[in-house]
Amino acid sequence: MRPSFFQSLPVRLAGMILILSGITLLVLTEINRRAVERILTEQAEIQAMQSTLAVTDGLDAVIGSVERVTRSVARDLGGRALNPAEVERVARSLMLDQAGIYGFSIAFEPGALDPKTEHFGLSVHRSNAADRFVVHDLASPDQSYWNRDWYREVISKGQPVWGEPFFDQGGSERNVIRIAVPFFRTTDTRREPIGAVSAVVELDWLRRLVNSNEFANTSFTIIFSRAGRLIIHPNPKYVIAETIETLGEKENIPELAAIRQNVIAKRQGALAYSESIRHRRVHVNYKPTKVAGWGGDRGLRRV
C-alpha cells in the first residue's frame, strides 16, 4: 500500500525541522528578552545609585552649610561682651545673610549675659513679608527656653546637636529640623557652656531636591533622621509620624531595619527585598549623610 503524503520521510523531516526551528526561535527570543531585561535592570540600578549619591550630596551641602554657619556664630559669641540689643542684631543679621534658615535663636545660662539677668533668650523668625522678621522672647512664661529639650541637651552635652524633625506649630506651620550649638566662656581653670544658638530649617527644600533627582516612575526616596524618624517618604502621612522601624513592621519589611543599622554604622550599599503585601520586588541603594546622622535610600520597584 502506497504511503500517504504526510507519512513520507521528506515531509516528516520538514515538519520536524519546522518544529525545531520554532522552538529555537522561542528559546532565542526568551534569551534576548532576559538579556534586554537584565541590561535595563542594571541600568536602572546604576541610575538608582547615582540618584542616591546626588540626593545625599545635595542634602549634605545644605545642612552642612547650616551647621557651619551656626558653629561660626557660636564661636563668635563665646569671645564677645554682649547686651540684649547686640544679641538681637546678631540674630537679625544672620537671618538677612542666610535665606535658607527660617529661624535663629540665642539663649544664655543664668547670669551669663548680665549678672543681674537670670534668663535671657530670643528668637528671630521670618514673617510672611519679605525681609521682615518676628522676634520672640524665649524667657517668657510660655517659652521658658531653659526647660526645653533642645536647650538642655546641648548644654549638658557641650556639643552640637541635630534634633529630630518636628511640626512647627505656631511658627512656620511646616515640618522643620533644628541644630543647636553651645558657646563657651573659657577661664584659666575651665571651659564652660554659657548658652546656645540654634537654627531652624524648613524641610520643603528636601522634597524639591528629591523630585529633581527622580529618574523613573517606579523610583522612590526615603530619608530618615538619626533616630530613624521619617523625614521624606512617598506617603506624606508617614513623615514624622513613623520611624523606619515602625514602617518596616507595618509593611512587613524587616530589611528596612537592616538599612538603618548600616546607616548608623556609616556604611553604604544596596540590597533587594520582596514586598509581600504588594507582591513586588524592590532594589534599594542607601547611603548615610556626612552630617546630622541622617540616612537616605533610593528604591526601585519592580512588579
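Quick note: the coordinates plus some simple rules give every number you see, no bench work behind them. Given the structure is predicted, the values throughout are model-derived calculations rather than measurements. No Cβ is skipped: glycine too gets one built from the backbone with ideal geometry, and neighbour counts run over all protein chains shown.
For Cα pairs less than 8 Å apart in space and 6+ apart in sequence, what is the mean separation divided by the residue count of the stretch 136-237, i.e. the relative contact order in percent? Reported relative contact order: 18 percent. Counting only residues at least eight positions apart within a chain, or on another chain, the lysines with an alpha carbon under 30 Å from that of LYS237 are LYS250, LYS266, LYS287, LYS290. 3J(HN,Hα) along the stretch 82-91: 10, 10, x, 5, 5, 4, 5, 5, 4, 5 Hz, from the Karplus curve 6.51 cos²θ - 1.76 cosθ + 1.60 with θ = phi - 60°, whole Hz, x for Gly and Pro. Averaging Cα coordinates gives a centre for the stretch 115-162 and one for the stretch 199-275; these two points are 30 Å apart.
For PHE183, nonlocal amide neighbours, meaning residues 5 or more places apart or on other chains whose placed amide H falls under 5 Å from its own, are ILE194, GLY195, ALA196, VAL197.
Packing, as the average of other Cβ atoms within 10 Å across residues, places the peptides 56-69, 189-202 in the order 189-202, 56-69, highest first. Each Cα pair under 8 Å and six or more residues apart adds its separation to the average, and for the stretch 66-201 the resulting relative contact order is 27 percent. Rounded to the nearest 20 debye, the dipole size of the stretch 211-303 about its Cα centre is 240 debye, using +1 on the Cβ of Lys and Arg and -1 on the Cβ of Asp and Glu. With θ taken as phi - 60° and the Karplus curve 6.51 cos²θ - 1.76 cosθ + 1.60 applied, the whole-hertz 3J(HN,Hα) list for the stretch 101-107 is 9, 7, x, 9, 10, 9, 9 Hz, x standing for glycine and proline.
Computed extension length for GLU245-PHE166: 26.6 nm, one decimal, from 0.36 nm per residue of separation with the Cα-Cα distance subtracted. Kirkwood Rh over alpha-carbon pairs of the stretch 66-201, then Stokes-Einstein at 20 °C and 1.002 mPa s: what D in µm² s⁻¹, rounded to an integer? It diffuses with D of about 143 µm²/s by this estimate.
The charge dipole of the stretch 66-201, taken about its Cα centre with unit charges on the Cβ of Lys, Arg, Asp and Glu (plus for the first two, minus for the last two), comes to roughly 320 debye. Take every pair of alpha-carbon atoms less than 8 Å apart whose residues are at least six positions apart; their mean separation over the length of the stretch 46-134 yields a relative contact order of 19 percent.
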